[in-house]
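Any read-out appearing in this document is the output of simple, stated calculations on the displayed coordinates, not a laboratory observation. In this text the structure is predicted, and so the values were computed from the model without any measurement. Note: ideal-geometry Cβ built from the backbone for every residue, glycine included; neighbour counts use all protein chains shown.
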Amino acid sequence: MGYLINCSDVATHQSNKIMTYDKYQVRFARIRDLLKLNSEHRAHDGRMHFVTMAKKYSVDEYAIKYIVGHAIQDITEKVYTIREIDWLKQEIEKIK
């Protein structure tokens, strides 16, 4: 699979394991340390940077939530609005 961080059992090589946040943090820290990156970097740095840049460039609030996997509370937006992939792409491309 084309993922940076996988969740598989080393002994059995099964890749159907659930990736919990704890497992992700451990794997992230291991990669960070192997690459000798700044030890202050945390697993959510990329998400935080993306959201900050998206807001700076006026990306639609619902596009941001959809992309980063946050819950959308607005019933109209959550249930009745269909967003095309092209719309999401246009929103992301606002970020310079």
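Remarks
- Among the trypsin sites (Lys or Arg not before Pro) found in the stretch 29-71, those both in a DSSP coil and sparsely packed, with 15 or fewer other Cβ atoms within 10 Å of their Cβ, are K36, R42.
- Set of aspartates and glutamates with alpha-carbon distance to K78 below 15 Å, sequence-local pairs under 8 removed: D60, E61
- Across every direction, the projection of the convex hull enclosing the Cα atoms of the chain has a mean area of 8.6 nm².
- The alpha carbons of the stretch 45-92 give a radius of gyration and a Dmax of 10.9, 32 Å, in that order.
- Each of A43, T76, I92 was scored by the projection of its Cα onto the charge dipole of the chain, and the greatest displacement toward the positive side belongs to A43; charges sit on the C-beta of Lys, Arg, Asp and Glu.
- Of the GluC sites (Glu not before Pro) found in the stretch 10-96, those in coil by DSSP whose Cβ has at most 14 other Cβ atoms within 10 Å are E40, E84, E93.
- In this label model, T76 and F50 are separated by 2.7 nm, measuring between points 7 Å along each Cα→Cβ vector.
- Distance between modelled label sites at D33 and S58, nm, 7 Å Cα→Cβ extension: 4.6
- DSSP loop chymotrypsin sites (Phe, Trp or Tyr not before Pro) with at most 13 other Cβ within 10 Å: longest gap in the chain: 4-56
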